[in-house]
Each structure stands twice: as structure tokens, then as C-alpha cells.
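Here the structure comes first, spelled out in C-alpha cells, and everything after it is commentary.
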Amino acid sequence: MKILDQEPDAGSAISYAGLLEKIEIMRSTLRWASRLERADIEKLLRQAGILRDEVMQLSYKERFVRAASSEAAPAQQSPGQRKQALLARSFVFEGVFGDNPKLLDALEVAEKAAPTDLPVLIDGESGTGKELMAKVIHANGARADKPYISVNCGAIPDNLLESELFGHKRGAFTGAANDRKGKFESAHRGTIFLDEIGELPLQGQVKLLRVLQSHEIQRVGSDEAISVDTRIVAATNKNLRQLIQQGTFREDLFYRLSVIHVTLPALRERRDEIPLLLAFYGDEAAEALKRRPVRMTPRLRDFLLNYAYPGNIRELRNILYRLSCLAGDIADIVHLPEDIRPKAALATAAMAEGITLAKLPASLSEAKRAASDEAERAFLERGLREVNGTVAELARRCEMNRSHLQVLLKKHGLHSKDFRNRGNAQDTMPADGAGMQQ
Ligand SMILES: Nc1ncnc2c1ncn2[C@@H]1O[C@H](COP(=O)(O)OP(=O)(O)OP(=O)(O)O)[C@@H](O)[C@H]1O
Ligand SMILES: [Mg+2]
């Protein structure tokens, strides 16, 4: 067996984590044992004795815990005080902001979990910041300067999964021309983030369970066991307990992964943060699009403060990028994605712009089509200005087929040459290209 160098115990947090993990392993052995022989009972007793001795050695930490508990408990502090306390403890936020109590709960759990090697399971609806939280945990731990490797379990075809996670030996299968490291080995001494863990096929779950138990992997096509020291953080927007009921997720893996369980609240459960997020992402979008921050009509602002945001923070961010891109100086309801636009407010907006009821489209679908056309035209005009009338470049940025774009330009009577040398052709899309997603 190949053993990679083990680092010396990195201090109290690690040994504390080690203890917790041993207790977890013991609990899981007991949970899954259908019956125990006397010999097994003796073995568990011996392990319990060792654990008790190790706990006795933590006496100085007990003093620390007592000292810490003499401070006001987080529940008695105001959100502002809790945030300040995190800052004072040099907590790395990695761009997470807000001081909603539920978010602070999650951050405080992350703070405690970070210096340990315990597996963490993060769940929450899509766009609530699970990936960001995984980075927070990595950044606040002892592994911060070691690799952080992210794997989307839902995006790897079943037949490549094992090789992707654990690597392969040359000739292990057709196309395996060389030995190759997998993600676990790449994350050695660091953190592996297993995103969309609920999508992992059952066969992959068995293999992952084995890594969690033995801290060893085997490359596909090799018998050699390789020790890996990798901290596991997993995330899902699925209800894993439900998947367990349906038989598509292993219960033992769930308990192994969720030693620490962090649930991120949906944005509608922390509405108090919406004004802050609107301001932040409004500024961020303006900077990315190299323009002044867009101003909002009161009715648009009112809508954004009360909207349900099923896509959570990602949806809010994308809306802000969209508004910044489509609107001129002032954004209104009409600049919202069509499927979330409030119909009544749209009619009011049209009237406020001087369109009389007589001039309003005859039917709702006609009104929607007109508004959609208007937004499309504004988008194309702005896009053409930003790329100096270069249609190929605009097609690339919008990830659109060039000939389809030409058809749209023709539909709106727009001529690319009218936009040459008029604007700034700098890169105006947000860095992650997500600005136009809906
Ligand atoms: N508390 C927060 N403060 C600021 N920005 C946040 C916060 N939480 C999330 N975000 C931002 O929201 C967007 C979505 O976050 P992230 O990708 O981490 O979500 P997710 O839960 O992993 O989503 P999905 O389930 O769709 O993969 C990112 O742009 C992220 O920077
Ligand atoms: Mg994610």
C-alpha cells in the first residue's frame, strides 16, 4: 500500500476533529450492526476506553470552552454584534454578506466546522450560495492554502465517474493512454467539493463510502491502495432523506457526509437582505458593464423588494445584470424578464409613459409581445453599441447563432454599420458569463 506523507497533528482543532470522527465511526458501526458478537463488543469497549482517555486529555480545551461560554451566546447578541464578532475573529467571508440570523447561524456553524476535517453537507435551494459556503469552509480552515477541487457529480457520465474521481491506470479501458490522477488525489491535503451529491449514482456512492471509511482510493485498473487526506464538503438542492426513502441514496453515506449539516435559507426567508443585495449587485453589474448604476422606478423597486425569487440570490443577481444591460438610465417593470413581469404594473407603466389606454394593445398576449419586442430591440441596440457594430462579436457574447442574430437585427430594422465607432468595444459581460441567464 502506498502511504502519502502524513502531516503532524496540526493542533487542538484537528485532534478534536479526530475524536469526533472516531465517535461518529463508532456510532455508525453500532447503527448498522444487525447483531454483535462478544468479540465485537469487547473491541467497541476498548475503543470507547481509548476515546475516554483522549477526551481526558482535552482538559485545557474545556477551560477554553468555559471561557468562551462566559461571553454572550450568539442567540443573545444582535445580528450586528454576531457579524462584528465574526469579523473580529478574522472570519473569511469570501464575498458572502448579509446579517440575517439564519445566514449567521450557517456562518457560525461553518466557522466551527472549518478548522476540523469533518465532512460537511450543505443543502439549500438552487442559488442560495452552497458553493460559496463550501469555499468559505475551505478558506477558514487549516487547508486554505492547499487545493480546493470542485466536482459536479451530476455532470459526469456514469461510465467516467470512477476514473474522474479516483483516476486510472494506463490501459485500464479503451482510451486510457496514460496513468491519470483523479480528483481525490488532486485534492490531497486540501478540500474536495462534491456538488450535486444527490445525483451520484449508487455505484459511485458505494465507492465514496469506502473512501470516507478508509481514506484510501484505488485508481481504475490498479490494485494499489493510495492514501488520500482530503476533506469532503458535499452539497445538494435535493432532499436526501426523500432520496433515501426512494432507494436512490444510501442512508449510510448520508450519515457519513452529514456529520456537520448546514442548511442555507432561501432568499424569501431573509427578505431583510434584499435591499443590500440589490445595491451590491446593481453596483457590480454597472462595473462589469462599464456603465453608471441603473436607477429604478419606485414600482420596479417595490416589485424587486417583494418578489419571491425562486432562483434565490443567483436570480436576483441575474435580474440586476439584465436591468443594467437593457435599461437606459432608469429601469422599469418592462425591463424585467417577461415570465416574472407583473401584468397590472406593466399597463400602469405604459400609461405613465404617456401611452393612452386607447393606444394599448388590444389583448394581454399582444401587450406581452410588444413589451418583449421592445426589450429585444433595446438589448440588440445596446449590444451593437458595445461591440462597435461587430455582429460576430455580439453573437459570440450572446452565445447566439450569427445568422439568427442577423434575422433579429433585420426584424428590428437595425443596421450594424450605424453602430460602428460609436461605443466602447471592451468586454462588457460579467466575468462568469452569467449576466444574461434567467
Ligand atoms: N450570502 C451571499 N451574499 C452574496 N452573494 C451570494 C450569497 N450567497 C450566494 N451569493 C451569490 O449567489 C450566486 C449563487 O451562489 P452559489 O453558486 O454558491 O449557489 P448554489 O446554492 O451553489 O446554487 P446551485 O444549487 O444552483 O448550484 C453566486 O453568484 C454567489 O456569489
Ligand atoms: Mg452550486
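The residues in segment 176-203 that are of a type outside the set (Ser, Thr, Tyr), assigned to a helix (DSSP H, G or I) and modelled with pLDDT of 90 or more can be counted, and the count is 7. Among the conditions (1) under 28 Å from residue 311 (Cα atoms); (2) more than 16 Å from ligand 1 (Cβ to nearest atom); (3) not hydroxyl-bearing (Ser, Thr, Tyr), the only one that residue 177 does not satisfy is (1). In the set 229, 223, only one residue is assigned to a loop (DSSP other than H, G, I, E, B) and in contact with a His (Cβ under 7 Å, 6 or more places away or on another chain); that residue is 229. Kindly establish whether residue 102 is surrounded by fewer than 19 Cβ atoms within 10 Å (Cβ to Cβ) and away from ligand 1 (no atom under 15 Å from the Cβ). Criteria not met by residue 102. The condition of being touching a residue at least 40 places away in the same chain (Cβ under 8 Å) and in the same structural domain as residue 127 (by TED's automatic domain parsing) holds for residue 257.
Identify, by number, the condition in (1) part of a helix (DSSP H, G or I); (2) within 16 Å of ligand 2 (Cβ to nearest atom); (3) crowded, with 21+ Cβ neighbours inside 10 Å that residue 132 doesn't meet. (3) is the only condition that residue 132 fails. Among 173, 249, which is in a loop (DSSP other than H, G, I, E, B) and touching a helix residue (DSSP H, G or I) at 6+ places or on another chain (Cβ under 6 Å)? Being in a loop (DSSP other than H, G, I, E, B) and touching a helix residue (DSSP H, G or I) at 6+ places or on another chain (Cβ under 6 Å) holds for just one of 173, 249, which is 249.
For segment 194-235, the candidate set comprises residues that are over 14 Å from residue 164 (Cβ atoms) and β-branched (Val, Ile, Thr); within that set, the residue that is farthest from ligand 2 (Cβ to nearest atom) is 226. Given the criteria surrounded by 12 or more Cβ atoms within 10 Å (Cβ to Cβ), at pLDDT below 75, farther than 17 Å from residue 324 by Cβ and not assigned by TED's automatic domain parsing to the domain that holds residue 314, does residue 350 qualify? Here the answer is no, as residue 350 does not meet what is asked.
Set side by side, the residues 402, 369, 385, 377 differ, and just one is among the basic types (Lys, Arg) and over 22 Å from residue 331 (Cα atoms), which is 402.
With the checklist (1) within 16 Å of ligand 2 (Cβ to nearest atom); (2) outside any loop (DSSP other than H, G, I, E, B) in hand, flag the one item residue 126 doesn't pass. Among (1) within 16 Å of ligand 2 (Cβ to nearest atom); (2) outside any loop (DSSP other than H, G, I, E, B), the lone unmet condition for residue 126 is (2). Scanning segment 148-170 for residues that are outside any loop (DSSP other than H, G, I, E, B) and within 16 Å of ligand 1 (Cβ to nearest atom) yields 148, 149, 150, 151, 152, 153, 154, 155. All conditions but one from (1) under 21 Å from residue 240 (Cβ atoms); (2) more than 16 Å from ligand 1 (Cβ to nearest atom); (3) free of Cβ contacts under 8 Å to residues at least 24 places away in the same chain apply to residue 145; the one that does not is (1).
Taking segment 253-303 as the range and being under 19 Å from the mean Cα position of the chain (by Cα), of a type outside the set (Ser, Thr, Tyr) and part of a loop (DSSP other than H, G, I, E, B) as the test, the residues that pass are 264, 265, 266, 270. Please tell me if residue 230 is in contact with a helix residue (DSSP H, G or I) (Cβ under 7 Å, 6 or more places away or on another chain), modelled with pLDDT of 95 or more, within 16 Å of ligand 1 (Cβ to nearest atom) and not aliphatic (A, V, I, L, M). Considered against the rule, which asks whether it is in contact with a helix residue (DSSP H, G or I) (Cβ under 7 Å, 6 or more places away or on another chain), modelled with pLDDT of 95 or more, within 16 Å of ligand 1 (Cβ to nearest atom) and not aliphatic (A, V, I, L, M), residue 230 comes out as no. Just one residue in the set 151, 120 is within 16 Å of ligand 2 (Cβ to nearest atom), modelled with pLDDT of 95 or more, touching an Asp or Glu at 6+ places or on another chain (Cβ under 9 Å) and aliphatic (A, V, I, L, M); that residue is 151. Taken together, the residues in segment 123-142 that are in contact with a Lys or Arg (Cβ under 8 Å, 6 or more places away or on another chain) and within 8 Å of ligand 1 (Cβ to nearest atom) amount to 3.
Report yes if residue 240 is of a type outside the set (Gly, Ala, Ser) and closer than 21 Å to residue 110 by Cα, otherwise no. The answer is yes for residue 240. Scanning segment 184-193 for residues that are away from ligand 2 (no atom under 16 Å from the Cβ) and either in contact with a helix residue (DSSP H, G or I) (Cβ under 7 Å, 6 or more places away or on another chain) or over 16 Å from residue 222 (Cα atoms) (or both) turns up 184, 186, 187, 188, 189, 190.
The values are calculated or read from the model by the stated rules, or taken from the named source; none is laboratory data. Nothing here was measured: the structure is a model prediction, and the numbers come from that model. Positions of Cβ are backbone-derived with ideal geometry, glycine not excepted, and every protein chain shown enters the neighbour counts.
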